[in-house]
Amino acid sequence: MKNRHVTIRSAEPCIITVEQHILQEQRRHSPHATGSFSWLLSGITLATKMTEARVRRAGLLDVLGKAGNVNVQGEEQQKLDIYADEALVHCLGVRENVAVIASEENEEAIMFDGREGTGKYVVVFDPLDGSSNIDVNVSVGTIFSILELPPNLSSSDDASVACLQPGVKQLAAGYVVYGSSTIMVYTTGHGVHGFTLDPSFGAYVLSHENIRIPEQGSYYSSNDAYWDAFPQPYRDYIMHLRSGAMGRQYGLRYIGSLVADFHRTLLRGGIFLYPPTEKHPSGKLRLLYEANPVAFIAEQAGGFASDGTRPIMEIEPTEIHQRTPLIVGGKSEMKAFEEFVQPVGSTQAK
Ligand code: P6P
């Protein structure tokens, strides 16, 4: 039987899946990489595809409405929240290199049995951010952050200890926004890349390579219903944006789902603000699995993220569900923010 020679021509257009991209990135930046990280990430992509299938059919599957349980945040758990959380716990649990996980939906961090020796990674995540918007068909999302398991962690140690690392220690971070299309955006510290889920064959395909946040945008994003509760310097800053003093009249866009509001800011520029308020004096958003991953992505795309006094990723966490104010955006808006709200030079916004 003669061998049949086939010339592999690059498919037009060239299809690069997120798994291929991760492997290419690993080979480019860590030639001796074992593929262990891409194996981990494939667990996250699988879980988000499972969640996406449910989100797309939410109205038909009677998954709307409250599941009746209340999560650690004291919020009614929507059924999709529970499904998304269980999908991630399962998909990460069968990846032997994941030692510890922590989720917005679970009070305690989880150390998988026997992984203190073999596991290499810690994954913290918000399985379904913005879930209060599900039954009105507004975009929701999954946010994740990947850290290295600290050395010498014993099984008797509280698994939370492994999670309490500042954002500068993140190995990777990303989110999936279940919107008009489903897009995964991630960084491993070598730029920010976006992948759109092609439902015809169920793969995340490279659609936004090397995303850069525009130097200046046209929108600010904050819940101005809390205007009276914002600290005065925040109100002064927002009035500055509205006044045209930055060379353009800023519009307001606010969806109420962090992943959707941040994704727009990342692609179009501008600034997202969740300031400290009387109701949330330490801010509302979660440091480990909302602010840190968003900050890592923003800074890899040329933007900045602050808690109003310092870079988000310099905050030393003390508990896994701790909250923080979050101000994140492009270079121009963050530099102007610094002049109104925080000591000059306290962030990297130069
Ligand atoms: P508010 C959703 O509940 C969430 O955690 C984030 O996704 C979103 O940015 C924020 O809360 C919205 O909070 O107080 O404006 O409704």
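The values are calculated or read from the model by the stated rules, or taken from the named source; none is laboratory data. Treat the numbers as computed from the prediction; the structure is a model and nothing was measured. No Cβ is skipped: glycine too gets one built from the backbone with ideal geometry, and neighbour counts run over all protein chains shown. These accessible areas exclude ligands, DNA and RNA; they are computed on the full protein's heavy atoms, side chains included. Shrake-Rupley method; radii C 1.70, N 1.55, O 1.52, S 1.80 Å.
Key figures
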| quantity | calculated |
| --- | --- |
| Mean separation of Cα contacts under 8 Å, 6 or more apart, over the residue count of the range 118-225: relative contact order % | 17 |
| Contact order normalised by residue count of the chain, Cα under 8 Å, 6+ apart, percent | 14 |
| LYS169, LYS279, LYS49, ranked by accessible area, largest first (probe 1.4 Å) | LYS279, LYS169, LYS49 |
| Protection-proxy order for peptides 26-37, 172-183, 247-258, each taking the mean of Cβ atoms within 10 Å per residue, highest first | 172-183, 247-258, 26-37 |
| Helix runs (DSSP H) in the chain reaching 20 Å along axis by Cα, Kyte-Doolittle at least -0.5 | 36-56, 79-93 |
| Label point distance in nm, ALA225-ARG212, each placed 7 Å from Cα along Cα→Cβ | 3.8 |
| When the range 18-208 is reduced to its Cα atoms, the Kirkwood hydrodynamic radius in Å | 17.1 |
| Antiparallel bridges, percent of DSSP beta bridges restricted to the range 219-341 (to nearest 5) | 70 |
| Within the accessible area of the range 18-208 (1.4 Å probe), percent carbon and sulfur | 51 |
| Linear extension gain, MET246 paired with SER181, 0.36 nm per residue minus alpha-carbon span | 20.1 nm |
| MET1-ASP198 pseudo-label distance in nm [points 7 Å out on the Cα-to-Cβ vector] | 3.0 |
| Residues of type aspartates and glutamates that LYS335 reaches as a straight line, Cα spacing below 12 Å, ignoring anything fewer than 8 places off in the same chain | GLU215 |
| Mean separation of Cα contacts under 8 Å (6+ apart) over length of the range 18-208, as relative contact order % | 15 |
| Among 296-304, 147-155, the order from most to least packed when residues are scored by Cβ within 10 Å on average | 296-304, 147-155 |
| Label-to-label distance, nm, for residues given as ARG57 and HIS280 (7 Å Cα→Cβ offset) | 3.3 |
| Computed accessible area, TRP39, all protein chains, 1.4 angstrom probe, square angstrom | 110 |
| Accessible area (Å², 1.4 Å probe, nearest 10) - CYS14 | 90 |
| Accessible solvent surface per residue of the chain, calculated while the other protein chains remain in place, 1.4 angstrom probe, Å² | 44 |
| Peptides ranked, highest mean first, by Cβ atoms within 10 Å: ranges 106-112, 211-217, 84-90 | 84-90, 211-217, 106-112 |
| Carbon plus sulfur fraction of accessible area for the range 219-341, probe 1.4 Å, in percent | 48 |
